[in-house]
Structure formats: C-alpha cells, structure tokens
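See structure below.
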Amino acid sequence: MKSTVEQLSPTRVKLNVEVPFEELSGDFDRAYASLAQQIRIPGFRPGKAPAKLIEARVGRQSVLEQVVNDALPNKYSEAIAEADLKAISQPEIDVAELVYGDPVRFTAEVDVRPEITLPAADSIAVEVDPLEITDADVETELDNLRARFGTLAGVERGVTNGDFVSLDLSATVDGADVEDAKTEGLSHEVGSDTLIEGLDAALEGVKAGDSATFTSTLVAGEFAGKDAEITAKVNSVKVRELPELDDDFAQLASEFDTIDELRENLRGQVAESKKYEQAGSIRDAVVDQLLETVEFPLPEAVVEQEIEATQHELVHALGHDDAQVDRFLEAQGKTRDEWNAESRVDAEKSVRTQLLLDALADASSVEVGQDELMNQILMQSQRYGVAPQEFIQQLQNANQIGALYADVRRNKALAELISGVKVTDTNGEAIDTKAFFAPAADESDDNAEGDDA
C-alpha cells in the first residue's frame, strides 16, 4: 500500500492512498465465505458454493464493492499510522472508480492535532489561596453532624426560614393546568432555594392548612420559559431539634468519648478536604496558564462538533422544540445569538484543553494501566449510583470506553507535569504538590513487575 499526505491546513490533511489489488486477496476470501453462507445455490451445501458461482449470482462488481467497503477502515488506519498522524475527527473518504484487478485508490480528509510546543514544567509558576482551617469551619462540620442526628417536631405557627414543610404544588399558565408541575406531600427545607424561584419568599408566615400563590418562570416541560401562577399548600410545618453538644453526643455520633476529641477529629477532616480543594485550584491554575501561554490553531470541525454536542443536551431535554428553547433562554436572560457565542467560547476552551493535555501525554509517554482505568470506572459508577458492571456496559454501549481512557491519560499527564511546577500560596509560602500530584512511575514499575511474575 502506498500513501501520500497533503497538508490542507495546520489542522487538516488529505491522505491519498493506493492499495494494490493483490493486497485484497484475504478480504475477497472473507467476502466469498460470508456470501456463501447467505446464498443458496442448488447442489451445494451452505458455505460450500465456489467463488465463480457466487460472482455469477451477485455480480463481480458487487463483490468488489463489498470487499472495498469492508477493507477501507483498516487501510485508512494503516495509512494514518504510517504517516504518524494524530487524527481527531471522523475522516471524509472518497473512493475512486472501482475496476476489478486495478489498484483501489481513495482519499481521506481528516482533522489532525496541530503541532504544539509545550513549556518545561520548571518554567511554570502558579499561585493559589493558602490552606486555612478556622474554628468556624470545624463548627460547620459539627453542625452538619448534629443535623444528621436531629429530630423534626411540628409547630403551630407560620413558616419561617429553616423550617421543614410538606407541600402540595400546582401551577397554571394562562389558566391551563400544568400537569408536570403537580405534586403532593413534597418535603422542602425553607430557605434552601432548591425548588422553584420565589417559593421560599411566598411561604414566609404561611400556617399549616393554608396556601400561598405566587408567579414564577417554569424552566422545564411543555411550558418552559413561561410565567406560571403557582399554588403551594402547606400541609405541615416542622423544626429540626438538634442534640446538645456534649460528651453524650460525641459518643452517639462517633467513636470518640468526648466532644473535644470529636472536634479535633473533625478539624483533621476539614484539613484533608481543604487540601483536595487546594489541589483542584492548583490544577485549574496550571491549565489556565497553559491555555494562556501555548498558542496553536484549533480544528474548526472539532469545535463545531463540541458545540453541537453540548447544545444538543439542552435541546434534547426540551423535546427538540425550538420555541421551548427560545423561551428557556429568555428566562435565563439570553438570546440565541448570545447562547451560541457562549457555547463557542466553552467549546474552544474544551477542545484546546484536550489537545494540550493529549500533547502533554504523548510528550511524557504516559500510559494508563488496567487498574487505573478500573479505579476511574469505580469512582464514576459510585458517583452516578450505578453498579460497576452496569456502568461498564453503559460505557460499551455508548462506545465511551476510549473517551474515558483518554480522560484518565490526560489527568495522569497533567499530574506528572504539576509535580514539577512551582506552586506558592498568596502568602508566598511554597506548596509541596507531591501529595496529590506525585509521578506515577513507581506505581507503573510495580505493576509491570507484578505482571511479569
């Protein structure tokens, strides 16, 4: 097989491929074997009919076209590998006229990753907020723990902020009932702002058995983006009674004997949580600096695909109804042009980040072991509340295993880079990144030794 590459732009190439006819002999054998199972020719058992008789039945040109269609993906992949191209989109393939016995010629236009020059890790310096654990942070965790052991008690008064209420909700738009908005016995913490905009303010002072009516904009369903008159009937009003902060509570809520020991343990948990938050800030700061300092062109087709994918999520949620999309955007204070512009900015940042981290992974020859991939699958399955095997099946059905592998590889490459970056906090103190971004070389070596054993 011969192939040449034309550089159409910094991010797009055209492959010209010529496959000698004799290279397709194995593909012809497989095609005839497949057709022999499908075609019934008198005097021959299924799968035993000679190639000449099969050709006579379906036509030589039809067999050739099937062979070429089946062989094209592999031949295209071979050409990409031989040219050492980093293809990042689906190719546009054009096959020349097929003549039996002649070489098969085709062209393939495809977007490729542009040349990216990366800075050395020691040339990157970022600054993040310092790690600070206050008494207020610890008390917040203690209050959260108390809330888990609190009890709800009914009160005979109007609703105030922080109460727990049971509600029946209904809504109308221009006098028409909104079926999707009807619900009964809904539990809600007043002041949490987790339901409908304007609900918490409308409930203020309402007693059990009474109702409040207010106007709010619906964000989903048939009437998304329209103003609705919403009625909230209060069935009950309850307050959360918290246990006393004493040694008895410490023994009830933990393995500790005293409230002071529990506080000290919670301080350690807060510190650990804030370390992870700081690690996230470091990661974001390094990525932002890379995006600001490393220049390269973006493949427009890939950006458009990213825009389409992100916008499709909203369009699909609103039933592919353009009018509903417009109403939803209006409720968000956006025009469609503004939405498109925001989507483009987000898509360009996403594509640029992925290309940068892919280049980084290639430059440092990052590999992802099976254990690392499985750990990521386990983490994501827990996040979505799905059994690991079921989650793996979902990934396979959606053809997303490769995408997950690529994400793990990018994150691993970034972690290795950050381990060599200079990081300080805003107080000028150096931050040791090894705890969260240590290179994984030792782990890989251990895995390799285990595999050899």
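The values are calculated or read from the model by the stated rules, or taken from the named source; none is laboratory data. On a predicted model such as this, the values are computed, not experimentally measured, just so you know. No Cβ is skipped: glycine too gets one built from the backbone with ideal geometry, and neighbour counts run over all protein chains shown.
Of all the residues in segment 75-87, those that are of a type outside the set (A, V, I, L, M) and in contact with a helix residue (DSSP H, G or I) (Cβ under 9 Å, 6 or more places away or on another chain) number 2.
Residue-level check: of (1) surrounded by 14 or more Cβ atoms within 10 Å (Cβ to Cβ); (2) outside any loop (DSSP other than H, G, I, E, B); (3) aliphatic (A, V, I, L, M), Leu298 misses just (2).
Does segment 293-312 contain any residue that is acidic (Asp, Glu) and farther than 24 Å from Ser9 by Cα? Scanning segment 293-312 turns up no residue that is acidic (Asp, Glu) and farther than 24 Å from Ser9 by Cα. A count restricted to segment 85-123 and to residues that are in contact with an Asp or Glu (Cβ under 8 Å, 6 or more places away or on another chain), surrounded by fewer than 18 Cβ atoms within 10 Å (Cβ to Cβ) and touching a residue at least 40 places away in the same chain (Cβ under 8 Å) stands at 6. For segment 372-414, the set of residues classified as closer than 18 Å to Phe436 by Cα and either of a type in the set (Asp, Glu) or touching a residue at least 60 places away in the same chain (Cβ under 8 Å) (or both) consists of Glu372, Asp407, Leu414, listed by residue number. If you take the residues of segment 331-342 that are in a helix (DSSP H, G or I) and without any contact (Cβ under 8 Å) to a residue 40 or more places away in the chain, which of them is surrounded by the most Cβ atoms within 10 Å (Cβ to Cβ)? So, considering only residues that are in a helix (DSSP H, G or I) and without any contact (Cβ under 8 Å) to a residue 40 or more places away in the chain, the one surrounded by the most Cβ atoms within 10 Å (Cβ to Cβ) is Trp339.
Being over 22 Å from Arg105 (Cβ atoms), surrounded by fewer than 14 Cβ atoms within 10 Å (Cβ to Cβ) and more than 32 Å from the chain's Cα centre (by Cα) narrows it down to one of Ala33, Ala51, so name that one.
Working: Ala51 fails: surrounded by fewer than 14 Cβ atoms within 10 Å (Cβ to Cβ).
Checking each option against the conditions leaves just Ala33.
Confirm whether Val58 is β-branched (Val, Ile, Thr) and modelled with pLDDT of 85 or more. So Val58 fails the test. Looking at segment 243-280, which of the residues that are of a type in the set (A, V, I, L, M) and more than 30 Å from Lys412 (Cβ to Cβ) is surrounded by the fewest Cβ atoms within 10 Å (Cβ to Cβ)? Across segment 243-280, the extreme among qualifying residues is Leu252.
Looking only at segment 343-381, which residues are polar (S, T, N, Q) and either in a helix (DSSP H, G or I) or in contact with a strand residue (DSSP E or B) (Cβ under 7 Å, 6 or more places away or on another chain) (or both)? Walk me through how you get there before you give the answer.
First pass over segment 343-381, keeping only residues polar (S, T, N, Q): 343, 350, 353-354, 364-365, 370, 375-376, 380-381.
Ser343, Ser350, Thr353, Gln354, Gln370, Asn375, Gln376, Gln380, Ser381 - these are the residues of segment 343-381 that are polar (S, T, N, Q) and either in a helix (DSSP H, G or I) or in contact with a strand residue (DSSP E or B) (Cβ under 7 Å, 6 or more places away or on another chain) (or both).
Per-residue answers, yes or no, for (1) of a type in the set (Val, Ile, Thr); (2) under 12 Å from Ala171 (Cβ atoms):
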residue: Leu199; (1), (2): no, yes
residue: Asp210; (1), (2): no, no
residue: Ile230; (1), (2): yes, yes
residue: Arg240; (1), (2): no, no
residue: Pro243; (1), (2): no, no
residue: Asp247; (1), (2): no, no
residue: Thr258; (1), (2): yes, no
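Considering only segment 156-177, I want to know if a residue exists there that is in a helix (DSSP H, G or I) and either in contact with a helix residue (DSSP H, G or I) (Cβ under 8 Å, 6 or more places away or on another chain) or free of Cβ contacts under 8 Å to residues at least 12 places away in the same chain (or both). Don't jump to the end; show me each part of the working.
We begin by selecting, within segment 156-177, every residue in a helix (DSSP H, G or I); these are none.
Scanning segment 156-177 turns up no residue that is in a helix (DSSP H, G or I) and either in contact with a helix residue (DSSP H, G or I) (Cβ under 8 Å, 6 or more places away or on another chain) or free of Cβ contacts under 8 Å to residues at least 12 places away in the same chain (or both).
Kindly establish whether Lys75 is of a type in the set (D, E, K, R) and either without any contact (Cβ under 8 Å) to a residue 24 or more places away in the chain or in contact with an Asp or Glu (Cβ under 8 Å, 6 or more places away or on another chain) (or both). Before the answer, list the steps.
Numbers: of a type in the set (D, E, K, R): yes; either without any contact (Cβ under 8 Å) to a residue 24 or more places away in the chain or in contact with an Asp or Glu (Cβ under 8 Å, 6 or more places away or on another chain) (or both): no.
It is false that Lys75 is of a type in the set (D, E, K, R) and either without any contact (Cβ under 8 Å) to a residue 24 or more places away in the chain or in contact with an Asp or Glu (Cβ under 8 Å, 6 or more places away or on another chain) (or both).
For the structure I just gave you, tell me whether Pro130 is part of a loop (DSSP other than H, G, I, E, B), at negative phi and surrounded by fewer than 16 Cβ atoms within 10 Å (Cβ to Cβ). In short, yes.
When each of Asp168, Asp193, Asp174 is tested for being at pLDDT 95 or above and either under 30 Å from Ile259 (Cβ atoms) or charged (D, E, K, R) (or both), the lone residue that passes is Asp168.
The residue that is nearest to Leu152 (Cα to Cα), among those in segment 178-201 that are touching a Gly at 6+ places or on another chain (Cβ under 9 Å) and assigned to a helix (DSSP H, G or I), is Asp200.
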